[in-house]
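The structure appears right after this line, and notes come after that.
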Ligand SMILES: Nc1nc2c(c(=O)[nH]1)N[C@H]1C(S)=C(S)[C@@H](COP(=O)(O)O)O[C@H]1N2
Ligand SMILES: [Mo]
């Protein structure tokens, strides 16, 4: 199978759900989200700049970055727009199904090491990450892709400056030569093609922070709440939507994750939500990655069946049965439904 292309230019493509049945997603099948054209960076002349509220600014070659202590983590990245195509009424933006998610091994150095080398100024409150890609967000207004993190998140030991994905140098689409990986947060925080890190003494007010990636008009969410952690969600990777199956037993299986706390339970319904049974949870590839789940199902009747999976996390969050609409279409973690026919 291949990625399902949603937009050619800039390139946006999602993973077909059956391909998410392995705990580690291959790089070729890992969804791609880009806002602008992919910048071609030359590793020989590449420099990472670290400046702003630091003791002494740094300019590091790729070799110098790779000399920092390395750590490998399996992390789940999910686009905040995952599930947007299911929103009613529809909203503008890339029409992601449920395949804008994946889990890869990332190798890099905890960002903290680099920030500590530069010296974190006492006045610093945020770290800003500037990508090498840029473009127009409205006529005449060109911006770089740039996002900030609160200083505590930037210094978190799991926040990685990554140069490898699945044991190979980052591919051009996934941020070569260097990207940020911020586990638990929607992947908009994981800035690719990272060129510059600037420590700020005030909160960043850029386009992708104050105009996009906000929950607007969502019931029970304060208006303009920034998009941060991934909401709890399960996807059904098998069987596929619209498939025809025999009398069984069949495995219903998938992945579940939450940015707020470990997944605590996945319940499955085979009768359109009237009754629920607990799925068996497997072994996640790490504490900051999704967890596989499965359940056996023996259909008791022929015809159409609506399968559903609903995850909840240890912080008490549970997926909604009805979508939480918001104007930019972020964080739609509505319960995944798969219709199958039994014959
Ligand atoms: N420089 C840069 N970084 C970026 C983006 C981008 O367009 N430019 N997109 C972000 C968004 S919204 C997502 S979901 C992830 C996607 O990462 P991936 O393409 O490796 O899956 O990258 C993030 N980092
Ligand atoms: Mo995203």
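Computed over the chain, the per-residue total of -39500 (n - 2.57) for DSSP H runs of n ≥ 4 gives a 222 nm mean residue ellipticity of -1000 deg cm²/dmol, rounded to 500.
Separation of region 73-145 and region 263-280, taken as the distance between their Cα centroids, equals 32 angstrom.
The packing ranking of peptides 292-298, 234-240, highest mean first, is 234-240, 292-298, where packing means the average number of other beta carbon atoms within 10 angstrom of each residue.
Distance from the alpha carbon centroid of region 1-72 to that of region 299-343 works out to 30 angstrom.
Listed peptides 273-284, 85-96 appear in the order 85-96, 273-284 once ranked by packing, highest mean of other Cβ atoms within 10 Å at the front.
Taking the DSSP beta bridges with both ends in the chain, the antiparallel portion is around 95 percent. From the square roots a ≥ b ≥ c of the eigenvalues of the alpha-carbon gyration tensor of region 1-147, which class results: rounded (a/c under 1.5), prolate (a/b over b/c), or oblate? Prolate is the answer for region 1-147, as a/c is 1.5 or above and a/b outweighs b/c. Can you tell me what share of the DSSP beta bridges in region 233-342 is antiparallel? A percent to the nearest 5 is fine. Antiparallel bridges make up about 95 percent of those DSSP assigns within region 233-342.
Sorting 313-321, 167-175, 241-249 by average packing, meaning the other beta carbons within 10 Å per residue, from highest down gives 167-175, 313-321, 241-249. Judged by the gyration tensor of its Cα atoms, with axes a ≥ b ≥ c, region 254-331 is oblate; a/c meets the 1.5 cut and b/c is at least as large as a/b.
Bear in mind that the values in this text are calculations on the coordinates, not laboratory data. Fair warning: this is a prediction, and the values are worked out from it, not measured in the lab. All Cβ positions, glycine included, derive from the backbone under ideal geometry; neighbour counts span all protein chains shown.
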